[in-house]
Structure formats: structure tokens, C-alpha cells
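Beneath this line is the structure, given in C-alpha cells, with notes to follow.
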Amino acid sequence: MFAQRFRYGWQHEFEAALLELKPENLMGRITIAEAAIFDRLQKISSGQQHLRERMALDDALRSLRLLRDEMDVVGPDDETQG
């Protein structure tokens with residue numbers, strides 16, 4: 001039996017964005033991951049029982065924003081040139 005790879009379901013989309021190697025696919029992966037994260041944030045919006053997950057969601061969003069900002073600065077075409 002396989003061990004569960006991710007603690008939270010949205011982490012699959014987050015990892016897919018971080019590991020995307022094709023610049024032309026990266027922005028789409030980021031958008032999908034952000035949507036999964038925002039959806040989860042809405043579902044756990046209140047209460048202290050999901051505090052650790054909210055912290056992980058915040059960290060993931062911050063990472064995706066940095067990645068998106070880097071893509072905006074560099075541009076998808078620049079990534080493929082030496």
C-alpha cells in the first residue's frame with residue numbers, strides 16, 4: 001500500500017506548479033494551484049482546528065506569488081534561452 005504523499009489535498013496542485021518545467025505551462029499551473037488553495041481557505045475559514053493547514057496555505061500562496069512575480073519579470077520566453 002502506498003503511503004499518503006500529501007497531508008492536504010490542495011498540495012498536489014501546488015507541487016505540480018512548483019515542478020512544472022515548461023514555461024508555457026507554468027502560469028496555468030500556478031492559476032490552478034491558487035484556485036485549489038483559495039477553495040480550501042473558503043472551506044476552513046473559521047475556527048482554530050485548521051490553524052496548521054491555514055499556515056501551510058499561506059506559505060504556499062506566498063510561494064506561488066513569488067513564482068508568478070518571477071515569471072512576470074523574466075517572462076516565459078526568457079526561461080528557454082541560455
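The values are calculated or read from the model by the stated rules, or taken from the named source; none is laboratory data. Bear in mind that the values here come from a model prediction, so they are computed numbers and not experimental data. Quick reminder, even Gly has a Cβ in these numbers, built from the backbone with ideal geometry, and neighbours come from all protein chains shown.
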- request: Scan the stretch 30-52 residue by residue and report those that are out of contact with any Phe, Trp or Tyr (no Cβ under 6 Å at 6 or more places or on another chain) and assigned to a helix (DSSP H, G or I).
  value: Ile30, Thr31, Ile32, Glu34, Ala35, Phe38, Asp39, Leu41, Gln42, Lys43, Leu51, Arg52
- request: State the number of residues belonging to the stretch 1-43 that are surrounded by 13 or more Cβ atoms within 10 Å (Cβ to Cβ), in contact with an Asp or Glu (Cβ under 8 Å, 6 or more places away or on another chain) and aromatic (Phe, Trp, Tyr).
  value: 2
query: Is there a residue in the stretch 2-22 that is over 16 Å from the mean Cα position of the chain (by Cα), modelled with pLDDT of 90 or more and in a helix (DSSP H, G or I)?
result: no
message: Just to be sure I understand the filter: pairs with C-beta atoms under 8 Å, separated by 6 or more residues or on different chains, first member in the stretch 6-27 and more than 17 Å from Asp39 (Cβ to Cβ), second member exposed (fewer than 11 other Cβ atoms within 10 Å of the Cβ). Which pairs pass?
response: Pro23/Asp77; Pro23/Thr80
